[in-house]
Amino acid sequence: MPKKQPKRNIMHTKWFKTLSAGLWLDNPIFCMVLGICSALAITNKVANALAMGAGVTFCLIFSSLFISLLRNLIPPRVRILTYMVVIATFVICVDNFLKAFFPPLSEALGPYVGLIITNCIIMGRCEAYAVKNTVFYSVLDALGCGLGYSLVLIFMAIVRESMAFGTILEFRIMPGWWQDWVMMAVAPGAFFLLGVYLWILRTLAKKTEQ
Amino acid sequence: MELITIFIASIFTHNIALTYILGMCPFIVISRNFNTAVGMGISVIFVVTLATVINWPIYNKILIPNGSELIYYLVFIIVIAATVQLLEMLIEKFFPPLQTSFGIFLPLITVNCMVLAVSLFMVLRKYGFIETVVFALGSSIGWALAIIIMAAIKQKMMINSDVPKGLRGAGITMIIAGLLAFAFMGFAGMVTLQ
């Protein structure tokens, strides 16, 4: 990686670009369409989305940190297995933390906490970025992607929870005449909402595919 | 009777792709071509059943008696990766003709989240050995069914349809999956799980 950094403008420094790429132009969900299993399955409550976003960001940052530190020691043939072992270790931390301090949340998320291991975002960032770059930029890249992912989860959860239950974080926001739209809480609602989101954002970002 | 209920429920009413929304990455990427989708579906049926059958005794006979069920994520993921690697080597050695049709999907299956999910559901629901086998077989058949239907629809759609530009690719796949999930909800009255 060549290190050419024009000095004045913060917008053009490498660390700013690395951080912001994950938030908008290379957003893991909208542009790469990775890791959407958990994004669709658990976004029927805002609280679940917050927990999931925090968990994934935590695992992403620490896995990137360790893979980046070990990048010269990992034999290429077994690198996927190495990523999995590192990621699984942090997922076990997250799972036990949730079980100990937020038992109802842990129950609501069910197997989806364990499935952070196979969340393609973490594997993808390790393979595409952390294994080739220095520790500092790997962590920044992980932070950007984690925040971008959490942001999408929270936006989806706000729409789904307010339509399906009339509440946001258990606080009633819909007027009295609102009929709960149960379909938004289950799978079809999630698929439609993500489809519509993808449509709007890809049209805005002018990123289309054939 | 119990076993038939689990089998039918895991294919139709609790379809792992369309109800639990798992295994979406290959579901979007691989479903562009019908034949590829069939190949992927069959490989998944093999790997999921085999990996879950290996995971059950490891969890119940080794991890629990030793009090180390804390690390079961780590163990499951290593077992899955090893199973996939072994299957790849066996196919390469003994059935070279299969290599071209199935071999290419095997590395992708390691990161398919539904393989791990089936093992995690097995732990959460405390299934016995026979129930686990039936559940793994049913879930993977359900997933294969979903991806094959999706590929067939997309192939038809590509010939004669005018999808808006921004919706092409992943967007329209999501909308189709939503409609499919609606259709599968119609099975809901058939059987109930637990």
Notebook entry, point to check: Any idea how many residues of the range B:1-27 are touching a helix residue (DSSP H, G or I) at 6+ places or on another chain (Cβ under 9 Å) and surrounded by fewer than 19 Cβ atoms within 10 Å (Cβ to Cβ)?
Noted result: 4
Next item on the list: Kindly list the number of the only condition in (1) within 14 Å of chain B (Cβ to nearest Cβ); (2) in contact with a Phe, Trp or Tyr (Cβ under 8 Å, 6 or more places away or on another chain); (3) closer than 16 Å to A:ILE42 by Cα that fails for A:PHE155.
Entry: (1)
Note to self: Checking the condition in contact (Cβ under 8 Å) with a residue 24 or more places away in the chain and buried (at least 22 other Cβ atoms within 10 Å of the Cβ), which residue from A:ALA108, A:ALA54, A:ALA88 passes?
What the structure shows: A:ALA88
Notebook entry, point to check: Counting only residues that are more than 30 Å from B:LEU50 (Cβ to Cβ) and β-branched (Val, Ile, Thr), which one in the range B:140-175 is farthest from the other protein chains (Cβ to nearest Cβ)?
Noted result: B:ILE159
Note to self: Being in contact with a Gly (Cβ under 6 Å, 6 or more places away or on another chain) and among the hydroxyl-bearing types (Ser, Thr, Tyr) is the filter here; which residues of the range A:127-160 pass it?
What the structure shows: A:SER150
Notebook entry, point to check: Quick check: is even one residue across the range B:74-83 modelled with pLDDT under 85, of a type in the set (A, V, I, L, M) and within 21 Å of the chain's Cα centre (by Cα)?
Noted result: no
Next item on the list: Any chance you could count how many residues in the range B:153-194 are acidic (Asp, Glu) and buried (at least 17 other Cβ atoms within 10 Å of the Cβ)?
Entry: 0
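Okay, residues lined up against (1) facing chain B (nearest Cβ under 9 Å); (2) of a type outside the set (Gly, Ala, Ser); (3) within 16 Å of the chain's Cα centre (by Cα):
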position: A:ILE117; (1), (2), (3): yes, yes, yes
position: A:ASP141; (1), (2), (3): no, yes, yes
position: A:MET174; (1), (2), (3): no, yes, no
position: A:PHE191; (1), (2), (3): yes, yes, no
position: A:LEU201; (1), (2), (3): yes, yes, no
Margin query: Filter the range B:89-118 down to the residues that are at the interface with another protein chain (Cβ under 9 Å from one of its Cβ atoms) and touching a residue at least 60 places away in the same chain (Cβ under 8 Å) and list them by number.
Written below: B:VAL111, B:ASN112, B:CYS113, B:MET114, B:VAL115, B:ALA117
Margin query: Condition first: surrounded by fewer than 15 Cβ atoms within 10 Å (Cβ to Cβ), of a type outside the set (Phe, Trp, Tyr) and outside any helix (DSSP H, G or I). Can you find one or more residues in the range A:179-189 that meet it?
Written below: yes
Note to self: Please count how many residues of the range A:59-85 are over 19 Å from A:THR134 (Cβ atoms), touching a residue at least 40 places away in the same chain (Cβ under 8 Å) and surrounded by fewer than 22 Cβ atoms within 10 Å (Cβ to Cβ).
What the structure shows: 1
Item checked: Boolean, B:VAL191 is within 13 Å of chain A (Cβ to nearest Cβ) and either in contact with a Lys or Arg (Cβ under 7 Å, 6 or more places away or on another chain) or among the hydrophobic types (A, V, I, L, M, F, W, C) (or both) -> no
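The values are calculated or read from the model by the stated rules, or taken from the named source; none is laboratory data. It should be emphasised that the depicted structure is a prediction, and the values quoted were computed from it without experimental measurement. Here Cβ is always computed from backbone atoms with ideal geometry, including for glycine, and neighbour counts include all displayed protein chains.
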